[in-house]
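Visitor: Just passing along the structure, written as structure tokens.
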Amino acid sequence: MFKHILVPTDGSALSQAAIEKAVLFAKESGARISFFCAAQAAAMYDGLGGIFSAQTPATLRDIANNISEEILAAAEKQAQMHGVPCTTLSQIAEQPYAAIIETAVLHGCDLIFMASHGRRGLDALLLGSETQKVLTHSNIPVLVYR
């Protein structure tokens, strides 16, 4: 049924569990996986009282890229252990949910398989959820692992 699955990951424990389930799901359905890490762009403050080096944005970008590479390498290892073909993709994004959807469309994915971090109460209201935003805005089916 599904041939190409996008699996967004942020390296959290729940996201790691979702990767394991996504790999097994892909193996059973004969699908390939694209693992995707959308690191949120760091907000920079300047103006009165703002003190930072001119290299700070580049340094933060390098740190985010290194973290993404580590997260994606672990996901790729899971897929390889089960013989599931995969690729890895990453992007620094202002809005991770939009980057997830854009990546799924761009790479022809027919399913987005992602974890729900299950925020409740005031946290959910104030912080929202990237998963909820993907569910709300995506035209591609989304399978949420909880």
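Visitor: Spelling out what I want: for every residue of region 78-87, take phi, set θ = phi - 60°, compute 6.51 cos²θ - 1.76 cosθ + 1.60 (Karplus), and round to whole Hz; glycine and proline get x.
Guide: 4, 5, 5, 4, 9, x, 9, x, 8, 10
Visitor: SER34's amide H: which non-local residues (gap 5+, or another chain) put their own amide H closer than 5 Å, with H modeled 1.01 Å from N in plane and none for Pro or chain starts?
Guide: For SER34, the qualifying residues are ILE5, LEU6, VAL7, THR87.
Visitor: Then there is this: Output wanted: per-residue J couplings in Hz (rounded whole) for region 131-143, from phi through Karplus 6.51 cos²θ - 1.76 cosθ + 1.60, θ = phi - 60°, x for Gly and Pro.
Guide: Values per residue, Gly and Pro as x: 4, 4, 5, 5, 4, 6, 9, 7, 8, 8, x, 10, 9 Hz.
Visitor: Residue by residue through region 13-23, which ³J(HN,Hα) values in whole Hz follow from phi under the Karplus form 6.51 cos²θ - 1.76 cosθ + 1.60 (θ = phi - 60°), with glycine and proline marked x?
Guide: After applying 6.51 cos²θ - 1.76 cosθ + 1.60, I find 4, 5, 5, 5, 5, 5, 4, 4, 5, 5, 5 Hz.
Visitor: Output the peptides 31-39, 87-95 sorted from most to least packed, where packing is the average of other Cβ atoms within 10 Å over each peptide's residues.
Guide: Ranking, from highest mean packing down: 31-39, 87-95.
Visitor: Projected area of region 64-105, taken from the Cα convex hull and averaged over every viewing direction, in nm²?
Guide: Across all orientations, region 64-105 yields a mean hull projection of 3.3 nm².
Visitor: Out of residues 5 or more away from TYR145 or on other chains, whose amide H comes under 5 Å of its own, with H placed 1.01 Å from N in the peptide plane?
Guide: Long-range HN contacts for TYR145: MET114, ALA115, SER116.
Quick note: the coordinates plus some simple rules give every number you see, no bench work behind them. All figures in this text were calculated on a predicted structure; none of them were measured in a lab. Don't worry about glycine lacking a Cβ; one is built from the backbone with ideal geometry, like all the others, and counts go over all protein chains shown.
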